[in-house]
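Trainee: Would you mind keeping the following structure in view while I ask a few things?
The values are calculated or read from the model by the stated rules, or taken from the named source; none is laboratory data. Since this is a predicted model, take the numbers as computed values, not measurements. Positions of Cβ are backbone-derived with ideal geometry, glycine not excepted, and every protein chain shown enters the neighbour counts.
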Amino acid sequence: MKRVGHSIRKIDGLMIATGKPVYTADLAMKNALVVKVLRSPHAFAKIVSMDTTGAEKLEGVECILTYKDVPNGRFTLAGQSYPEPSPYDRLILDEIVRYVGDEVAIIAAVDEKTALQAMKKIKVEYEVWEPVLDFEQALGHASVVHPEEDLYCNFDIGLQKDRNVASSSKEEVGDVEEEFARCSVVVEDVYYPQAQAHAMMETYRAFTYLDHTGRLVVVSSTQVPFHIKRQLARALQIPATKVRVIKPRIGGGFGGKQTGSVEVFAGIVTLKTGKPAIIIYDRKETFSCTTSRHAMRLKVRVGANQDGIIRAIDIEALSATGAYGEHAATVLSCVGHYTLPLYNKTKAVRFTGNAVYTNKMPAGAFRGYGATQGTFALESTVNKLAEKLGLDPTEVRLKNISKVGETYLTGQGVLLGSSSLERCIEKGKELIGWKEKFPCRNIGNNKVRAVGMAITMQGSGIANIGTASVELRLNDDGYFTLLSGATDMGTGCDTILTQMAAEILEVPMENIVFNAGDTDTSPYDPGSYASSTTYLAGTAVVKAAEELKQKIMDQGAKFLGVSSQDVEMNGLVVRTFRGQEISLAKIAELTVLGTGKLQLVSYVTHGSEISPPPYVAGFAEVEVDQETGKVELIDYVAVVDCGTVINPNLARIQVEGGIAQGIGMALYEEVTYNERGKMATNSFMQYKIPCRKDVGKVRVAFEESFEPSGPFGAKSIGEVVANTPPPAIVHAVYNAVGVRINHLPITPEKIYMGMQKL
Amino acid sequence: MQITLTINNKLVTWDVEKDEFLADTLRAHGLLSVKKACETSCCGLCTVWMDEKSVLSCTILSIRANGKKITTIEGVPREAEEFARVLTAEGSEQCGFCSPGFIMNVLAMKNELVNPSEEEIIHYLTGNLCRCTGYMGQLRAVKTFLGVGQV
């Protein structure tokens, strides 16, 4: 293959790297009103009175909106396909505020200074209520976070508002208790994966204006333009045809921008004033007034035979969704959905869980989406099982993992189409030096080095829900335009989709213009989430390119006076086997212009009935100082099965970046609050994402498989790479000093205190 | 108040507020490569040069730039593109939002350090955060650019 499988530079790479003005804030009109939000100082309160007169009198203040000034229909900010499985529990502004940072008033002024001055002049009186701060106390707490009557779900997600349950989930095959009774070994434990901040470099932002026909145009740093359009129409109570969402370049998202955190505030200002408006969250708001990964408590039981065959798995989850239920139901169910299929020698499996409301910042989508938390808990338990059985943990995996052509209990009979997980484990063992290093070595000076491991899976798109549409055109000049709704957020999908089209059409990539991210002109695509784009949009591109190629050959043959069977498309010409040829440019000219009247276009909508899992085997080597508990990550090896690798360099960076986020979750990052429910970690001074000294050495290898249902055999890669570091590093620390860290992150204090109890 | 300074080799006189930060002033004058991402001097995205040395423009008052020579990536297009070609060949710009500040610091390092070791490179650049790439690809690119061997 000429394009696919090659490390081609991103088509936008040089422009973004050298700082050209292509991001949201760079494109905003200079006269846009600056939008600021007054926020609740209380975790749970009712607004008794508000006085905005002083603020409104200030010169330069354009409007101040309170809950009395905004539409009163509830909606969700979760960017999901309709009907969204997230409760409609939000108002643009509500009389009740549900966390410290919840929106109280929207201020729009000619500049930031004036807006901030106005904010100080707004007087609010609150009736302060008892908040629900501990998610383990939320179920049945005396305070009900969402007492409102008009709370609404599109379908049953197990919401019980009086008990603070946003969603509950259950998946069971076989009789788990009966199976545990038959197991010779049963291990169990309780795990606490923490809330993690996305900490993308470009904070949340959008600007809005009315176009020449009075429609609301929203330029937003979002992963989900089409969902934002639908969400705004609902929230602002205007027809969806009145909204256009444009996504320029995005400075990272990681799932954060799958939730519409800011668009509605700028949107309503523009609707109310008729003027352009811009909202840019600062880092503090980005940390404390958007979303994070769901903190969870996970109880896991794994039962096995003496030979290490896993017979039963039981996972019980409690997920903290915070003040609003964005992604509550789906992140919860994905905990089981992306862990139980790993091991298929089981006779019974069960996943049960509740997502509970609290008076803390809402949780939302975050790369890994429940699989991250579930993997930490299940893989830690499997490592514990291996130890109890006296088996090598890699051998336990190799004995139990699902293989190609097999089914698994919760899979409804679907056969696994591709997996190289076995090879990933073997390769990882070799790269980390497992044989020599497992479990640990004393290296003197009171320091111990040890290794640990974990495996993980994710999906590729959402089966039977996710779709991708693309349109491919032969333009009048012989060049192509590929229109897609895919939402590149730095990941490089604009590039790999162009690669795929170029591969099929056998034309240079430069001959294809890639156009996406505008709900007025792009074909529908749910957006950049659920590890969808390569697998779904990629397949749509392949189909569209094949269809267009055939049309071009048919048309070329017609112009050459031969039948379609007698021509091939090669380079930029259609040629007969006897050497007559016609260029694409000429075909384009003759079809688009003048007498042709038939521009050659293909259009494909693709969805998949399955969501083939990509896999990672992760291996960590740590050095622990036994005197202080200080842990240093020496080496991390990730071996990845993403099917066919479309662009090796871009895939490698995805892996390295995902592993680094996983390392952050394992060792450094935690969203914490004070006793009144105010976030303590609201800047990079308190919230530590890894810097380049913190990640040690990350090494990546690919073990390609071939997924029959994917484009060129490809599966996904974006999310699966975030999942292995927490369990693998926890395992390595345990192997070093015998302390099992079940509350993430691992800190020297926890290790040291744990060592005192041994 | 008015300040007079050299921006990318051009002498300019600008009106600034007394509490205005340099990053905002630069952006207001169309130098949109300058990004802000933390407001606490932690992330390195706003890196520009003041008299050839890397500084964090989001926490430097604009009045402090009076009489100084400020360089943004717009002022070193040839050198920036040279390194950007290496960086993007690795795919390690990813979202690109941190790249301009990062590139300015890499170029400053190239001017300052002779044949740096891997440890010195990491130390020099440690104030430039990146959430996308995990830093490995950036290190490969820097080493290729400096011709100091591969990871």
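Trainee: Quick check on my filter: what residues within the stretch B:1-33 are part of a loop (DSSP other than H, G, I, E, B) and closer than 26 Å to A:Val22 by Cβ? Talk me through it step by step, then tell me what you get.
Mentor: At the first step, the residues of the stretch B:1-33 found to be part of a loop (DSSP other than H, G, I, E, B) are B:1, B:8-9, B:16-20, B:29-33.
Passing the criteria: B:Asn8, B:Asn9, B:Glu20, B:His29, B:Gly30, B:Leu31, B:Leu32, B:Ser33.
Trainee: Evaluate the following for B:Glu17: is it at pLDDT below 95, outside the structural domain of B:Met109 (by TED's automatic domain parsing) and within 23 Å of A:Ile280 (Cβ to Cβ)?
Mentor: On the way: at pLDDT below 95: no; outside the structural domain of B:Met109 (by TED's automatic domain parsing): yes; within 23 Å of A:Ile280 (Cβ to Cβ): yes.
It is false that B:Glu17 is at pLDDT below 95, outside the structural domain of B:Met109 (by TED's automatic domain parsing) and within 23 Å of A:Ile280 (Cβ to Cβ).
Trainee: From the set of residues in the stretch A:465-483 that are assigned to a loop (DSSP other than H, G, I, E, B) and not charged (D, E, K, R), which is surrounded by the most Cβ atoms within 10 Å (Cβ to Cβ)? Even if it seems obvious, please write down each step before you answer.
Mentor: Quick first cut of the stretch A:465-483, residues assigned to a loop (DSSP other than H, G, I, E, B) only: A:465-466, A:475-479.
So of that shortlist, the ones also not charged (D, E, K, R) come out as A:465-466, A:475, A:478-479.
Values: A:Ile465: 15, A:Gly466: 25, A:Asn475: 16, A:Gly478: 17, A:Tyr479: 18.
The qualifying residue surrounded by the most Cβ atoms within 10 Å (Cβ to Cβ) is A:Gly466.
Trainee: Sticking with this structure for a sec: Checking the structure you have, find out if any residue of the stretch A:701-714 is more than 30 Å from A:Ala545 (Cα to Cα) and touching a residue at least 40 places away in the same chain (Cβ under 8 Å).
Mentor: Pass one, the stretch A:701-714, residues more than 30 Å from A:Ala545 (Cα to Cα): A:701.
Subsequent filtering for residues that are touching a residue at least 40 places away in the same chain (Cβ under 8 Å) retains A:701.
Yes, the stretch A:701-714 has at least one match.
Trainee: Could you please give the count of residues in the stretch A:252-285 that are within 14 Å of chain B (Cβ to nearest Cβ), of a type outside the set (Val, Ile, Thr) and buried (at least 24 other Cβ atoms within 10 Å of the Cβ)? Before you say what the answer is, go through the steps one by one.
Mentor: Keep residues of the stretch A:252-285 that are within 14 Å of chain B (Cβ to nearest Cβ), which gives A:252-257, A:278, A:280-285.
Subset that is of a type outside the set (Val, Ile, Thr): A:252-257, A:281-285.
Checking the rest, the ones that are also buried (at least 24 other Cβ atoms within 10 Å of the Cβ) come to A:252-257.
Number of matching residues: 6.
Trainee: Of A:Gly252, A:Gly260, A:Gly267, which residue is of a type in the set (Gly, Ala, Ser), more than 24 Å from A:Asp12 (Cα to Cα), under 21 Å from the mean Cα position of the chain (by Cα) and not assigned by TED's automatic domain parsing to the domain that holds A:Glu326?
Mentor: Values: A:Gly252 fails: more than 24 Å from A:Asp12 (Cα to Cα); A:Gly267 fails: under 21 Å from the mean Cα position of the chain (by Cα).
Within the list A:Gly252, A:Gly260, A:Gly267, the selection yields A:Gly260.
Trainee: Quick check on this structure: which one of A:Thr521, A:Thr487, A:Thr498 is more than 14 Å from chain B (Cβ to nearest Cβ) and buried (at least 20 other Cβ atoms within 10 Å of the Cβ)?
Mentor: Working: A:Thr521 fails: buried (at least 20 other Cβ atoms within 10 Å of the Cβ); A:Thr487 fails: more than 14 Å from chain B (Cβ to nearest Cβ).
Only one candidate qualifies: A:Thr498.
Trainee: Kindly check whether there is at least one residue in the stretch A:101-119 that is out of contact with any Gly (no Cβ under 9 Å at 6 or more places or on another chain), assigned by TED's automatic domain parsing to the domain that holds A:Leu232 and on the phi > 0 side of the Ramachandran plot.
Mentor: From the stretch A:101-119, those out of contact with any Gly (no Cβ under 9 Å at 6 or more places or on another chain) are A:101-108, A:112, A:116, A:119; that's our starting set.
The next check asks that each one be assigned by TED's automatic domain parsing to the domain that holds A:Leu232; those that pass are A:101-108, A:112, A:116, A:119.
Then keep just the ones that are on the phi > 0 side of the Ramachandran plot; that gives A:101.
The answer is yes; a qualifying residue exists.
Trainee: Output the residue which, of all residues in the stretch A:336-367 that are of a type in the set (A, V, I, L, M, F, W, C) and not in a loop (DSSP other than H, G, I, E, B), is surrounded by the most Cβ atoms within 10 Å (Cβ to Cβ). Quick ask: steps written out before the conclusion?
Mentor: At the first step, the residues of the stretch A:336-367 found to be of a type in the set (A, V, I, L, M, F, W, C) are A:340, A:342, A:348-349, A:351, A:355-356, A:361, A:363, A:365-366.
Subsequent filtering for residues that are not in a loop (DSSP other than H, G, I, E, B) retains A:340, A:342, A:348-349, A:351, A:355-356, A:363.
Values: A:Leu340: 25, A:Leu342: 25, A:Ala348: 20, A:Val349: 26, A:Phe351: 25, A:Ala355: 35, A:Val356: 29, A:Ala363: 31.
Looking at the filtered set, the residue picked out is A:Ala355.
Trainee: Please determine, by comparing only the residues of the stretch B:118-151 that are charged (D, E, K, R) and surrounded by 17 or more Cβ atoms within 10 Å (Cβ to Cβ), which one is farthest from the other protein chains (Cβ to nearest Cβ). Even if it seems obvious, please write down each step before you answer.
Mentor: As a first pass, look at the stretch B:118-151 and keep what is charged (D, E, K, R): B:118-120, B:131, B:140, B:143.
From what's left, surrounded by 17 or more Cβ atoms within 10 Å (Cβ to Cβ): B:131, B:140, B:143.
Values: B:Arg131: 5, B:Arg140: 10, B:Lys143: 13 Å.
Looking at residues that are charged (D, E, K, R) and surrounded by 17 or more Cβ atoms within 10 Å (Cβ to Cβ), I get B:Lys143.
Trainee: If you scan the stretch A:286-310, which residues turn out to be surrounded by fewer than 18 Cβ atoms within 10 Å (Cβ to Cβ) and either part of a loop (DSSP other than H, G, I, E, B) or free of Cβ contacts under 8 Å to residues at least 60 places away in the same chain (or both)?
Mentor: From the stretch A:286-310, those surrounded by fewer than 18 Cβ atoms within 10 Å (Cβ to Cβ) are A:299, A:305-307, A:309; that's our starting set.
Matches in the stretch A:286-310: A:Asn305, A:Gln306, A:Asp307, A:Ile309.
Trainee: Residues that are assigned by TED's automatic domain parsing to the domain that holds A:Tyr191 and buried (at least 21 other Cβ atoms within 10 Å of the Cβ): which helices (runs of 4 or more DSSP H) entirely in the stretch A:368-464 hold 2 or more of them?
Mentor: Values: elements: A:371-389, A:393-400, A:421-432, A:434-437.
By residue number, A:371-389, A:393-400.
Trainee: Of everything in the stretch B:65-91, what is facing chain A (nearest Cβ under 7 Å) and farther than 15 Å from A:Gly19 by Cα? Give them in sequence order.
Mentor: Scanning the stretch B:65-91 gives B:Ala89, B:Glu90, B:Gly91.
Residue-by-condition table, conditions (1) among the hydrophobic types (A, V, I, L, M, F, W, C); (2) more than 14 Å from chain B (Cβ to nearest Cβ); (3) surrounded by fewer than 22 Cβ atoms within 10 Å (Cβ to Cβ); (4) assigned to a helix (DSSP H, G or I):
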site: A:Ile646; (1), (2), (3), (4): yes, no, no, no
site: A:Arg652; (1), (2), (3), (4): no, no, no, yes
site: A:Gly657; (1), (2), (3), (4): no, no, no, yes
site: A:Gln661; (1), (2), (3), (4): no, no, no, yes
site: A:Gly664; (1), (2), (3), (4): no, no, no, yes
site: A:Val671; (1), (2), (3), (4): yes, yes, no, no
site: A:Arg676; (1), (2), (3), (4): no, yes, yes, no
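Trainee: Only one residue in A:Arg692, A:Arg699 is surrounded by fewer than 24 Cβ atoms within 10 Å (Cβ to Cβ) and assigned to a loop (DSSP other than H, G, I, E, B). Which one? Steps first, please.
Mentor: Numbers: A:Arg699 fails: assigned to a loop (DSSP other than H, G, I, E, B).
From the options A:Arg692, A:Arg699, the qualifying one is A:Arg692.
Trainee: Would you call A:Gln686 within 21 Å of B:Gly127 (Cα to Cα), within 13 Å of chain B (Cβ to nearest Cβ) and surrounded by 24 or more Cβ atoms within 10 Å (Cβ to Cβ)?
Mentor: On the way: within 21 Å of B:Gly127 (Cα to Cα): yes; within 13 Å of chain B (Cβ to nearest Cβ): yes; surrounded by 24 or more Cβ atoms within 10 Å (Cβ to Cβ): no.
No, not satisfied.
Trainee: Looking only at the stretch A:574-598, how many residues end up being of a type outside the set (Val, Ile, Thr) and in contact with a Phe, Trp or Tyr (Cβ under 7 Å, 6 or more places away or on another chain)? Talk me through it step by step, then tell me what you get.
Mentor: Taking the stretch A:574-598 and keeping what is of a type outside the set (Val, Ile, Thr), we get A:575, A:577-581, A:583-586, A:588-590, A:593-594, A:596-598.
With the extra rule that they be in contact with a Phe, Trp or Tyr (Cβ under 7 Å, 6 or more places away or on another chain), the set shrinks to A:590.
Going through the stretch A:574-598 one residue at a time, the tally reaches 1.
Trainee: Hey, another quick one. Select the strands (runs of 3 or more DSSP E) contained entirely in the stretch A:495-603, then report the ones holding at least 3 residues which are closer than 30 Å to A:Ala463 by Cβ and touching a residue at least 24 places away in the same chain (Cβ under 8 Å). Walk me through it before giving the result.
Mentor: Details: elements: A:512-516, A:567-570, A:573-576, A:581-583.
Once the strands (runs of 3 or more DSSP E) in the stretch A:495-603 are filtered for at least 3 residues that are closer than 30 Å to A:Ala463 by Cβ and touching a residue at least 24 places away in the same chain (Cβ under 8 Å), what remains is A:512-516.
Trainee: Then there is this: Can you tell me which residue among A:Ala722, A:Ala732, A:Ala714 is within 30 Å of A:Ile504 (Cα to Cα) and buried (at least 24 other Cβ atoms within 10 Å of the Cβ)? Quick ask: steps written out before the conclusion?
Mentor: Values: A:Ala722 fails: within 30 Å of A:Ile504 (Cα to Cα); A:Ala732 fails: within 30 Å of A:Ile504 (Cα to Cα).
The conditions single out A:Ala714.
Trainee: May I pose another question? The conditions are (1) buried (at least 20 other Cβ atoms within 10 Å of the Cβ); (2) acidic (Asp, Glu); (3) without any contact (Cβ under 8 Å) to a residue 60 or more places away in the chain, and A:Glu59 fails exactly one of them. Which is it?
Mentor: (1)
Trainee: Would you kindly identify the helices (runs of 4 or more DSSP H) lying entirely within the stretch A:1-72 that contain at least 3 residues that are in contact with a strand residue (DSSP E or B) (Cβ under 8 Å, 6 or more places away or on another chain) and either modelled with pLDDT of 95 or more or more than 14 Å from chain B (Cβ to nearest Cβ) (or both)? Spell out the reasoning first.
Mentor: Numbers: elements: A:13-17, A:24-27, A:53-57.
Helices (runs of 4 or more DSSP H) meeting the threshold: A:24-27, A:53-57.
Trainee: Give the stretch B:92-117 a look and list any residue that's more than 10 Å from every other protein chain (Cβ to nearest Cβ), within 13 Å of the chain's Cα centre (by Cα) and of a type in the set (Gly, Ala, Ser), or say none.
Mentor: Answer for the stretch B:92-117, where residues must be more than 10 Å from every other protein chain (Cβ to nearest Cβ), within 13 Å of the chain's Cα centre (by Cα) and of a type in the set (Gly, Ala, Ser): just B:Ala108.
Trainee: Here is a follow-up. Using the structure shown, decide if A:Asp162 is away from chain B (no Cβ under 14 Å), assigned to a helix (DSSP H, G or I), surrounded by fewer than 19 Cβ atoms within 10 Å (Cβ to Cβ) and not polar (S, T, N, Q).
Mentor: Numbers: away from chain B (no Cβ under 14 Å): yes; assigned to a helix (DSSP H, G or I): yes; surrounded by fewer than 19 Cβ atoms within 10 Å (Cβ to Cβ): yes; not polar (S, T, N, Q): yes.
Yes; evaluated as a whole, the condition is true for this residue.
Trainee: What residue, among those in the stretch A:384-405 that are of a type in the set (D, E, K, R) and within 28 Å of the chain's Cα centre (by Cα), is nearest to A:Phe619 (Cα to Cα)? Outline the logic, then answer.
Mentor: At the first step, the residues of the stretch A:384-405 found to be of a type in the set (D, E, K, R) are A:384, A:387-388, A:392, A:395, A:397, A:399, A:403.
Next, only the ones that are within 28 Å of the chain's Cα centre (by Cα) stay: A:397, A:403.
On the way: A:Arg397: 13, A:Lys403: 21 Å.
Filtering first and then ranking leaves A:Arg397.
Trainee: Among what's in the stretch B:32-52 and is touching a helix residue (DSSP H, G or I) at 6+ places or on another chain (Cβ under 6 Å) and surrounded by fewer than 22 Cβ atoms within 10 Å (Cβ to Cβ), pick the residue that is farthest from the other protein chains (Cβ to nearest Cβ).
Mentor: The first filter runs over the stretch B:32-52 and keeps only residues touching a helix residue (DSSP H, G or I) at 6+ places or on another chain (Cβ under 6 Å), leaving B:32-34, B:36, B:38-39, B:41, B:44-48.
Okay, now just the ones that are also surrounded by fewer than 22 Cβ atoms within 10 Å (Cβ to Cβ), so B:32, B:39, B:41.
Details: B:Leu32: 4, B:Glu39: 6, B:Ser41: 9 Å.
My answer is B:Ser41.
Trainee: Which condition number in (1) more than 14 Å from chain B (Cβ to nearest Cβ); (2) out of contact with any Asp or Glu (no Cβ under 6 Å at 6 or more places or on another chain); (3) surrounded by fewer than 19 Cβ atoms within 10 Å (Cβ to Cβ) is the one that A:Phe75 fails?
Mentor: So A:Phe75 meets the others, but not (3).
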